[in-house]
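Enquirer: The following block contains the structure, expressed as structure tokens.
The values are calculated or read from the model by the stated rules, or taken from the named source; none is laboratory data. From a predicted model like this one, the values you see are computed outputs, not experimental measurements. Ideal geometry is used to build each Cβ from the backbone, glycine not excepted, and the neighbour counts take in all protein chains shown. The protein model used for the area step is the full one, side chains on, heavy atoms only, and it has no ligands, DNA or RNA in it. Shrake-Rupley method; radii C 1.70, N 1.55, O 1.52, S 1.80 Å.
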Amino acid sequence: MRIDSILKTKRTLSFEVFPPKKEESGEKEELFRTIDSLRSLNPDFISVTYGAGGTNARGAVGIAGHIKSVGVEPLAHITCGPSSPSDIDRVTDELKSLGVENILALRGDRPVGFDGEYCKHFSHATDLISYIGSGFCIGAACYPEGHTECATLRDDLINLKKKQDCGASFFISQIFYDNSYYYRLVHEAGKLGITVPIIPGIMPLVSAKNIARIKSMCGSTVPLDFRNMIETYSSNPAVMREIGLNYAVYQIIDLIAKGAPGIHLYIMNRADTAAEICGRLRSVFNELF
Ligand code: FAD
């Protein structure tokens, strides 16, 4: 089923997984077990990331097919990267043959050490959205704190509007730890005529070592209060995890109460994290989803 059709009828709950780096290491079977556990939490869809260099395309497509085969709607990410139109055709043909109807179209960032021609054929997600066309339900990324390459949020939102104009029918946000950034994004996007649902992306911060990585990886800031809590308990992983899960739960309750169209959880392939959060939110989900 198309995700934009689901969004017309209800709020969505979704999880993001990433394919294993090496297929032969047993990680694929482990991921299949994770997907099985996630299925029991009744997500509306599970998204599968795609390497920016296009190297894991086959693995990602196979995992999207597996998600479909166990009865959950997959959302297959595809990046521009170095892909040519015929590379994209190959991936979309395979996705179609597996019954996958939803694609998240992304530019991707040049991977460290990649020295080939990058984004030669498709410069931006907008090019990919236009090329893939209406045979799929297409979503795209948005950035509550603005994309790192844009001088202002407004510049980034003008480009976001282009993604909608090219055919994106929903957006999933980059992670954020201060909900005000998401509310500002929704408000400002509305003023520019962006009308499609903007699903907030939440990543529970359960390990202190991730704080430093978050800013450099995706430009998201961690509020001082939360940062202090994490740093105070960084040497105690159990307490740290508890703080991170509770903070994510707090963010989600606030987002749902203020009308977010769904919740997308970046769970880093941890089914236990997803189960913990969903368990703590059961009555909220029952009431509001
Ligand atoms: P774009 O939309 O191309 O935007 C990149 C920059 O160009 C922005 O500054 C934007 O304002 C500007 N821009 C956009 N369109 C135009 C235009 N038409 N003309 C001029 N400027 C323009 N990366 C992966 O490698 N694999 C994944 O699976 C993956 N999944 C992601 C999922 C989500 C929900 C998010 C938020 C990010 C994901 N990323 C993934 C990371 C993403 O690829 C990077 O954030 C990348 O830097 C930008 O991707 P984009 O699709 O937003 O690019």
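Enquirer: I'd like the residue in region 200-223 that is within 13 Å of the ligand (Cβ to nearest atom) and in contact with a helix residue (DSSP H, G or I) (Cβ under 8 Å, 6 or more places away or on another chain) and, out of all such residues, is farthest from Gln164 (Cα to Cα).
Expert: Restricting to residues being within 13 Å of the ligand (Cβ to nearest atom) and in contact with a helix residue (DSSP H, G or I) (Cβ under 8 Å, 6 or more places away or on another chain), the top hit is Met203.
Enquirer: I would also like to ask the following. Looking only at region 127-184, which residues are open to solvent by 70 Å² or more (accessible area, probe 1.4 Å), closer than 30 Å to Ser97 by Cβ and more than 11 Å from the ligand (Cβ to nearest atom)?
Expert: Correct list: Tyr131, Ser134.
Enquirer: Take the conditions surrounded by fewer than 21 Cβ atoms within 10 Å (Cβ to Cβ) and more than 29 Å from Ala105 (Cα to Cα) and apply them to Met229. Does it pass?
Expert: yes
Enquirer: Within region 117-126, work out how many residues are closer than 17 Å to Asn56 by Cα and more than 9 Å from the ligand (Cβ to nearest atom).
Expert: Of the residues in that region, 1 qualify.
Enquirer: Output yes when any residue across region 40-54 is in a helix (DSSP H, G or I) and closer than 18 Å to Leu265 by Cα, and no when none is.
Expert: Checking region 40-54: not a single residue is in a helix (DSSP H, G or I) and closer than 18 Å to Leu265 by Cα.
Enquirer: Can you give me the number of residues within region 68-86 that are assigned to a strand (DSSP E or B) and of a type outside the set (A, V, I, L, M)?
Expert: Within region 68-86, residues that are assigned to a strand (DSSP E or B) and of a type outside the set (A, V, I, L, M) number 3.
Enquirer: Hey, another quick one. Any residue at all in region 98-110 that is without any contact (Cβ under 8 Å) to a residue 12 or more places away in the chain and surrounded by fewer than 18 Cβ atoms within 10 Å (Cβ to Cβ)?
Expert: There is no residue in region 98-110 that is without any contact (Cβ under 8 Å) to a residue 12 or more places away in the chain and surrounded by fewer than 18 Cβ atoms within 10 Å (Cβ to Cβ).
Enquirer: Among (1) open to solvent by 50 Å² or more (accessible area, probe 1.4 Å); (2) on the phi < 0 side of the Ramachandran plot; (3) out of contact with any Leu (no Cβ under 7 Å at 6 or more places or on another chain), where does His66 come up short?
Expert: Tallying (1) open to solvent by 50 Å² or more (accessible area, probe 1.4 Å); (2) on the phi < 0 side of the Ramachandran plot; (3) out of contact with any Leu (no Cβ under 7 Å at 6 or more places or on another chain), His66 fails exactly one: (1).
Enquirer: Output the helices (runs of 4 or more DSSP H) that fall wholly within region 97-205 and possess 3 or more residues being over 28 Å from Thr55 (Cβ atoms), or say none.
Expert: Those helices (runs of 4 or more DSSP H) span 153-166, 179-191.
Enquirer: Now for a separate question. Could you tell me which residue of region 76-116 is farthest from the ligand (Cβ to nearest atom), considering only residues that are touching a Leu at 6+ places or on another chain (Cβ under 6 Å) and farther than 24 Å from Glu149 by Cβ?
Expert: So the residue we want is Asn102.
Enquirer: Kindly indicate whether Asp36 is under 24 Å from Cys166 (Cβ atoms) and either out of contact with any Lys or Arg (no Cβ under 7 Å at 6 or more places or on another chain) or open to solvent by 10 Å² or more (accessible area, probe 1.4 Å) (or both).
Expert: Considered against the rule, which asks whether it is under 24 Å from Cys166 (Cβ atoms) and either out of contact with any Lys or Arg (no Cβ under 7 Å at 6 or more places or on another chain) or open to solvent by 10 Å² or more (accessible area, probe 1.4 Å) (or both), Asp36 comes out as no.
Enquirer: Scan region 2-29 residue by residue and report those that are within 15 Å of the ligand (Cβ to nearest atom) and in contact with a Cys (Cβ under 7 Å, 6 or more places away or on another chain).
Expert: Hit for region 2-29 is Ile3, nothing else.
Enquirer: If you don't mind, another one. Counting only residues that are open to solvent by 10 Å² or more (accessible area, probe 1.4 Å) and in a strand (DSSP E or B), how many does region 232-269 have?
Expert: 1
Enquirer: Do we find a residue being aliphatic (A, V, I, L, M) and within 15 Å of Ile263 (Cβ to Cβ) anywhere in region 200-219?
Expert: yes
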